[in-house]
1. Starting from the Cα gyration tensor of region 73-145, take the square roots of the eigenvalues, sort them a ≥ b ≥ c, and report rounded, prolate or oblate (rounded when a/c is under 1.5, otherwise prolate if a/b is larger than b/c, else oblate).
2. With the cut-off at 1.5 for a/c, could you classify region 31-115 from its C-alpha gyration tensor as rounded, prolate or oblate?
3. Using mean Cβ contacts within 10 Å as the protection proxy, how do 253-260, 203-210, 237-244, 136-143 order, highest first?
4. Exceeding 30 Å between C-alpha atoms, which entries from my cross-link table qualify? They are 27/53; 101/260; 27/229; 112/203.
5. Once fully extended, how much extra length lies between residue 270 and residue 175, figured as 0.36 nm per residue of separation less the alpha-carbon to alpha-carbon distance?
Amino acid sequence: MKKHLLSGIFAAVLVVGCATNPVTGKKNLNFVSNSELFPSSFQQYSQFISENKVITGTADAKLVEAVGLKIKKAAEKYLTYLGQAQYLTDYRWEYKLVDNKEVNAWCMPGGKIVVYSGILPVTQNESGLATVMGHEVSHALANHGAQRMSAAQLQQIGGAALGAATSGKSESTQQIFAQAYGLGSEVGVMLPFSRSNETEADKIGLTLMAIAGYNPDDAIAFWSRMSAKSGASGTPEFMSTHPADATRIANLKSLIPEAKATALKVGVIR
Ligand SMILES: [Zn+2]
């Protein structure tokens, strides 16, 4: 019995190891599948929500919910266009505004999006928020968090997922997620996404934004504000994981025409 279970897991690892990510078109070198990753992700997310103050009912909270819903619909429309709608089957989307001074936002695997109130002065408006949420959702869709984890960490997450139903909270699992997804400075050292992951998330994010009915040109204004923020009062959390320099902004500009063209092919949500 145990031998069968282990060989089953080994086979699953082989299959997952060769899977092509539908949004990036690249082979995912992940050691855990979404069905293994999501239970741990949802558990860590629930814990975060229970330990932090979620803002509800305000204009800002309603805007986070509304923009999140539009980005979710855009992701579904885009994946359907790519013939990969099933990729989002196990997603359990949520969009929460959390009371926290940090300039930060993230999306955990399976569509759990958290925006910190501290980033709202930088997003400033709906399209600024769409820029951040579209970008973070793109990291999740492309499985970039998993790529930031080491093989050993991924195996640990896989093990945690297998035992998630019975085990309580796991400190080490929590720390791995915190570092991989940029949950907050109090939990551990933030690892920046690689330049190629950032470019990928920018590209997909601009496309989602455009499909959701926003103008991707507005993304430039947001990243410029974020870039200006870095000198003022220490480096914001979001900046340490998302360096917004001149190279990045120039690259964003070059990606906009293709994002707009793709959105027209996929169909823009009105
Ligand atoms: Zn990013």
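Values quoted throughout were computed directly from the atomic coordinates according to the rules given, and no laboratory measurement underlies them. Bear in mind that the values here come from a model prediction, so they are computed numbers and not experimental data. In this analysis, Cβ positions are derived from the backbone assuming ideal geometry, glycine residues included, and neighbour counts consider all displayed protein chains.
1. prolate
2. Cα axes put region 31-115 in the oblate bin.
3. On the way: 253-260: 15.9, 203-210: 27.4, 237-244: 20.5, 136-143: 25.1.
Ranked by mean Cβ neighbours within 10 Å, highest first: 203-210, 136-143, 237-244, 253-260.
4. Working: 27/53 38 Å; 101/260 34 Å; 27/229 36 Å; 112/203 20 Å.
From the list (27/53; 101/260; 27/229; 112/203), the Cα-Cα distance tops 30 Å for 27/53; 101/260; 27/229.
5. Values: separation 95, 0.36 × 95 = 34.20 nm, distance 3.99 nm.
That pair, residue 270 and residue 175, stretches by 30.2 nm at full extension.
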